[in-house]
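The values are calculated or read from the model by the stated rules, or taken from the named source; none is laboratory data. Just so it is clear, the structure is predicted and the values come from calculations on it, not from any experiment. Note that each Cβ is placed from the backbone with ideal geometry, even for glycine, and that neighbours are counted across all protein chains shown.
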Amino acid sequence: MALASSVAAMVASAVTPAQAQQSSPPSASAVTLDTLEVVGDRRGGAAIGAAEDPRGPVAGYVATRSVSSTKTDTAIIRTPQAISVVGRQQIDDQKPASLAEATRYAPGVRGETFGADPRNDWFLIRGFTAQESGYFLDGLQLFTSAFATWKLEPFGLERLEILRGPNSGLYGGASPGGIINAVSKRPPIVPIRYVETGVDNYGNAYAGFDIGGPVDAPGTEGKLFYRLVGLGRAGGTQVDYVNNDRFFFAPSITWKPDADTSLTVLAQVQRDRAGTQNFLPYEGTVTPAPFGFIKTSRFTGDPATDRLTRSQDMIGYEFEHRFDNDIKFRQNARHGTVTVNLFNRYGGGYATTPAAGDLSRFDFFTRGAAVQSDIDNQLVIPFRTGDFGHTVLAGFEYRRYQIDDYQAFGFGPSLNLIRPIYPNTPLNLGAPYQNALITQNQFAAYLQDEITLGNFSMVLSGRHDWVATDNDNRIGASASRDTSAFSGRVALIYNDESGLAPYVSYAQGFNPTVGLNGVTGQLLLPERSEQTEVGLKYKPPGFDGYFAAALFDLTRSNVVTTNPLNIQQVVQTGAVNSRGAEIEMVANLAPGLRAVASYTAYDLSVTRDLNTALLGRTPTNTPEQYGSLFLDYTFQSGVLRGFGLGGGVRGVGRSFADQANEFRVPGYVVGDLVAHYDWEGWRFALNVSNVSDERIVNSCSTVTACYYGERRRVLGSIGYRW
């Protein structure tokens, strides 16, 4: 409650009416207009008062429209669902190193689940893991199973849209807690030329470029636009021997032959090479061991063997055509491949006694090669029937996912945590326990009607999915499963002239999983979920921002969890309920002053399990409250014009390290600081996260697997725009 009171007080003290600032150029793939009006500036921003493209730049921190919740261009204040948007300006101000870090100040989302882990983007939404089926790019899913994980580069994104609650009524298989839809940078109408470089206190340096605009060639005036975004990064992290290196390049092109037609092709190439994650014992991280605390810089793998490599490639397109009667046809498609090789010698608890400090270790290798193709066809039909306005969306989607999954395990040598001596020996691996080619084909048809009557807006969505899963098991019995399910949503919102907008919704979730139940040996059953949500949004007249609050009751069944008796396996344990509340404030408070604040609290408990002792317990690794506040101010005049300061505070509540909830992981509060100076196209910035250098344990999945959070990281950067 102290955390809730602190955040509420900070939010109340920050609120004043304001005007927004600009940050990013409008994209060429924006909503088609009869008369093309160029708005924005070379910094990249949506101009104040200009119609916002729901796939484009955000003015300051305040997004007003979204395409994710309804797959149509809908105002956020008229959307009967909890939704948050992190725009490019906020990303630039906070300089997150990962997508998970970019969600630090959003409600309902808990990123960095496994601490300072350079391998993957981990996050929970409303208490449920979402990185496997809740990860979307440009409206199409980036599905993950086993260890073939996708990871997105924040420098290549325009915005993040976070939808909370089940979304299967439009998106089919997805996380019950919600989804994060990352929106790529697109070719701009106004030329943009930007370069940036930086380095942090761990010696991790990067350089990036962002160049685009109209193609200057005969016959292409106003019809052809391009964008080239790239970044290279190399260097260390807070853990010895653990680097975080990346090559990223994302070209895109938009063709607009006329005012009613557009085609945008988006591609990206990414290569990652990173170290591995530490699995540390509870005693020595959360509580002191006889020798004290394990150093946060201590590497518990082996420098000669441990590494992760990722090869990730995607190409896709977005096509839209508007007919004379304002009916629109859209087709979005993408083909992507990702291959992850992971060599890991990881900790498994103390080999003898904590006083001796010897960590037992296991050897692990996996190679996951996944291919995913997706095509989503949409027809948008607006019409009226008397006093009722309708926007009907009809769609058909096809997804194909295939993974070649190989995993092997063995016993490695122990490591002394006090005075480590690395043996530098090859991994000791036995025969593979997983070697299969898994294929999943998913067909879906969906229909939605957005109905308006005066100040009322209702959304009715329904989708039916047909899923076929085949497991070609090379070391055991093969299996297959065909399943189908209907998922729906009904939601109602009332927009009062005063700016108040109460809403209520009911939504169902469906999530076909890929993998085997480690106990039964059968293919996993689809997860199901359902949620009731009531909320209130408030946009005071003349205020450039909004407030939002939501109460939700969400139940997830056929839950997939790690087998506590064998962490290489998963099981389906029953049902888990999440019941809680979220509040949010986003505002451009005054010229140059921007703010975001949020608080989340929920009660997460097991409601059905074969082990009745777990009923009413909270799943491990999951804090049940967190809150944050971030402000940034840039002087608008005088001798300090162009100079800016910002800062934030983030608090996370306690969680548990065991299923019985006997081992608590304490919460923490950390602060962030920002200083920047803009002068004649140059931008000099200093970002400090965890400014007081707190030693924090983000979470523990078991008493032998705890994860340190990020220590103080100081990043200096220089950018130039011309």
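General remarks:
Conditions (1) out of contact with any helix residue (DSSP H, G or I) (no Cβ under 9 Å at 6 or more places or on another chain); (2) in a loop (DSSP other than H, G, I, E, B); (3) in contact (Cβ under 8 Å) with a residue 12 or more places away in the chain, marked per residue:
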residue	(1), (2), (3)
ALA174	no, yes, yes
ALA207	yes, no, yes
ASP210	no, no, yes
GLY219	yes, yes, no
PRO257	yes, no, yes
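- Residue in segment 688-698 that is surrounded by fewer than 20 Cβ atoms within 10 Å (Cβ to Cβ), in contact (Cβ under 8 Å) with a residue 40 or more places away in the chain and more than 22 Å from GLN238 (Cα to Cα) present: no
- Given (1) crowded, with 22+ Cβ neighbours inside 10 Å; (2) under 18 Å from PRO288 (Cα atoms), number of the condition VAL703 does not satisfy: (1)
- Selection status of THR276, buried (at least 22 other Cβ atoms within 10 Å of the Cβ), under 25 Å from the mean Cα position of the chain (by Cα) and part of a strand (DSSP E or B): no
- Meets criteria (assigned to a strand (DSSP E or B) and either crowded, with 18+ Cβ neighbours inside 10 Å or at pLDDT below 95 (or both)) for GLY430: no
- Condition met for LEU615 (more than 26 Å from PHE630 (Cα to Cα) and surrounded by fewer than 21 Cβ atoms within 10 Å (Cβ to Cβ)): yes
- Subset of segment 354-404 [aromatic (Phe, Trp, Tyr) and either in contact (Cβ under 8 Å) with a residue 60 or more places away in the chain or farther than 30 Å from ASN424 by Cα (or both)]: PHE364, PHE365, PHE383, PHE388, PHE396, TYR398, TYR401
- Filter result (over 15 Å from ASP138 (Cβ atoms) and touching a residue at least 24 places away in the same chain (Cβ under 8 Å)) within segment 316-332: HIS321, ARG322, PHE323, ASP326, ILE327, LYS328, PHE329
- Qualifying positions in segment 254-271 - under 24 Å from PHE155 (Cα atoms) and either touching a Ser or Thr at 6+ places or on another chain (Cβ under 6 Å) or surrounded by fewer than 21 Cβ atoms within 10 Å (Cβ to Cβ) (or both): THR254, TRP255, LEU263, THR264, VAL265, LEU266, ALA267, VAL269, ARG271
- All conditions in (1) buried (at least 16 other Cβ atoms within 10 Å of the Cβ); (2) in contact with a Ser or Thr (Cβ under 8 Å, 6 or more places away or on another chain); (3) of a type in the set (Ser, Thr, Tyr); (4) over 20 Å from SER505 (Cα atoms) hold for TYR422, with the sole exception of (2).
- Odd one out for ALA675, checked against (1) modelled with pLDDT under 95; (2) over 25 Å from GLY347 (Cα atoms): (1)
- Taking first residues from segment 531-544 that are surrounded by 22 or more Cβ atoms within 10 Å (Cβ to Cβ) and partners that are among the polar types (S, T, N, Q) and not in a strand (DSSP E or B), the Cβ contacts under 6 Å between residues at least 6 apart in sequence or on separate chains come to ASP544/GLN19.
- Within segment 448-467, the residues that satisfy the criterion of being under 20 Å from ASN511 (Cα atoms) and either modelled with pLDDT under 95 or buried (at least 17 other Cβ atoms within 10 Å of the Cβ) (or both) are GLN448, SER461, GLY462, ARG463, ASP465, VAL467.
Let's see how each residue does on (1) in contact with a helix residue (DSSP H, G or I) (Cβ under 6 Å, 6 or more places away or on another chain); (2) hydrophobic (A, V, I, L, M, F, W, C); (3) surrounded by 20 or more Cβ atoms within 10 Å (Cβ to Cβ):
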{"position": "ASP632", "(1), (2), (3)": "yes, no, yes"}
{"position": "ARG641", "(1), (2), (3)": "no, no, no"}
{"position": "LEU645", "(1), (2), (3)": "no, yes, no"}
{"position": "VAL652", "(1), (2), (3)": "no, yes, yes"}
{"position": "SER655", "(1), (2), (3)": "no, no, yes"}
{"position": "ASP658", "(1), (2), (3)": "no, no, no"}
{"position": "GLU662", "(1), (2), (3)": "no, no, no"}
{"position": "TRP682", "(1), (2), (3)": "no, yes, no"}
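- Selection within segment 285-315: residues that are without any contact (Cβ under 8 Å) to a residue 60 or more places away in the chain, assigned to a strand (DSSP E or B) and not acidic (Asp, Glu). The member of this set that is surrounded by the fewest Cβ atoms within 10 Å (Cβ to Cβ) is GLY292.
- Residue check: ASN181 meets all listed conditions (1) buried (at least 24 other Cβ atoms within 10 Å of the Cβ); (2) assigned to a loop (DSSP other than H, G, I, E, B); (3) among the polar types (S, T, N, Q) but one, namely (2).
- Selected residue (criterion: surrounded by the most Cβ atoms within 10 Å (Cβ to Cβ)) from residues of segment 221-239 that are modelled with pLDDT of 95 or more and part of a loop (DSSP other than H, G, I, E, B): VAL239
- Taken over segment 195-225, the residue count meeting the criterion of being within 24 Å of ILE315 (Cβ to Cβ) and not small (Gly, Ala, Ser) is 9.
- Qualifying residue in segment 481-496 (condition: aromatic (Phe, Trp, Tyr) and under 25 Å from ALA549 (Cα atoms)): yes
- Answer residue from segment 140-159, given it is of a type in the set (Phe, Trp, Tyr) and in a loop (DSSP other than H, G, I, E, B) and is surrounded by the most Cβ atoms within 10 Å (Cβ to Cβ) among those: PHE143
- Of all the criteria given as (1) within 29 Å of GLY368 (Cβ to Cβ); (2) at pLDDT below 95; (3) touching a Phe, Trp or Tyr at 6+ places or on another chain (Cβ under 9 Å); (4) not acidic (Asp, Glu), the one not satisfied by ILE179 is (2).
- Among the residues of segment 664-706, those that are closer than 16 Å to PHE114 by Cβ and touching a Ser or Thr at 6+ places or on another chain (Cβ under 6 Å) comprise VAL665, VAL697, SER699, SER701, CYS706.
- Entirely in segment 571-687, the strands (runs of 3 or more DSSP E) that have 3 or more residues that are small (Gly, Ala, Ser): 574-590, 593-609, 643-652
- Comparison of VAL239, VAL269 shows that the only residue that is under 20 Å from the mean Cα position of the chain (by Cα) and of a type in the set (A, V, I, L, M, F, W, C) is VAL269.
- Scanning segment 697-712 for residues being part of a loop (DSSP other than H, G, I, E, B) and either among the polar types (S, T, N, Q) or within 22 Å of the chain's Cα centre (by Cα) (or both) gives a total of 4.
- Within the set GLY134, GLY115, GLY111, the sole residue that is under 18 Å from the mean Cα position of the chain (by Cα), without any contact (Cβ under 8 Å) to a residue 40 or more places away in the chain and either under 24 Å from TYR503 (Cα atoms) or surrounded by fewer than 24 Cβ atoms within 10 Å (Cβ to Cβ) (or both) turns out to be GLY111.
- Of the candidates SER184, SER252, the single residue that is touching a Pro at 6+ places or on another chain (Cβ under 7 Å) and polar (S, T, N, Q) is SER252.
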